[in-house]
1. Can you pull out the residues in region 47-76 that are among the polar types (S, T, N, Q) and crowded, with 17+ Cβ neighbours inside 10 Å?
2. Of all residues in region 21-65, how many are among the charged types (D, E, K, R) and at positive phi?
3. Here is a check on your reading of the model: is S127 polar (S, T, N, Q), modelled with pLDDT of 85 or more and over 16 Å from the mean Cα position of the chain (by Cα)?
4. Name the pairs whose Cβ atoms lie under 9 Å apart, with the first residue in region 63-91 and modelled with pLDDT under 95 and acidic (D, E), the second exposed (fewer than 15 other Cβ atoms within 10 Å of the Cβ) and assigned to a helix (DSSP H, G or I), and 6 or more positions between them or separate chains?
5. Is region 7-24 home to any residue that is part of a loop (DSSP other than H, G, I, E, B) and within 25 Å of R134 (Cα to Cα)?
6. Which one of N36, N57, N42, N31 is within 26 Å of D13 (Cβ to Cβ), at pLDDT 90 or above and not aliphatic (A, V, I, L, M)?
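The values are calculated or read from the model by the stated rules, or taken from the named source; none is laboratory data. Just so it is clear, the structure is predicted and the values come from calculations on it, not from any experiment. Here the Cβ positions follow ideal geometry from the backbone for every residue, glycine too, while neighbour counts run over all protein chains shown.
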Amino acid sequence: MQVYVRLYVKGLDRIGWEPKGDAEKAANRINKGEFNKMSELNYQAIEEILIMSLYWNLDWKIRGQIALMLVRHNMSRSDPSLQPIIQELEYWVTLPDKKVRDFLLGELDMFAVEKTISNERERALASAYLRGMRLCK
C-alpha cells in the first residue's frame, strides 16, 4: 500500500494538484523530502501520516528525519514503529568502520575504501539523527 500512496501523490503532483489540509501537505512533502517546511504544519494533524510514512519505501535519510521529528514531539524511542529505522541508522553509523577494518585486514580493495570515504557524510548524518533522538528525551 505504501508504494501506491507514493505513486498516487506523485501522479497528483504531475497534474498540478495542490494538497489541502496539513495531512495531505505532510504526505506530499515527505514524498518530496521537503522537511524544511514541515514545522509550519500542525503536528497533531500530521502525526499519523508521519508514523505511516516510516513504512513507506523511502530513503533512510528521509525516514531518519521523520523519526527525529516524531521523537522531538514526544514519541518514545522504544516505540515499535521506530525500531526498524533506529536499527538502520545504527547500521549506517557502523558500516564504514567495518569496511575500513576489513581493508586493513586485506579483505577489501581500494575501491571499497574510496566508497567508504564517500559514505562518511552518510555516517555523520545517521549519527546526527540518532544523537538527536537521544537528546530529545
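1. S53, Q65
2. 0
3. For S127, the condition - polar (S, T, N, Q), modelled with pLDDT of 85 or more and over 16 Å from the mean Cα position of the chain (by Cα) - is not met.
4. none
5. Among the residues of region 7-24, not one is part of a loop (DSSP other than H, G, I, E, B) and within 25 Å of R134 (Cα to Cα), which makes the answer no.
6. N42
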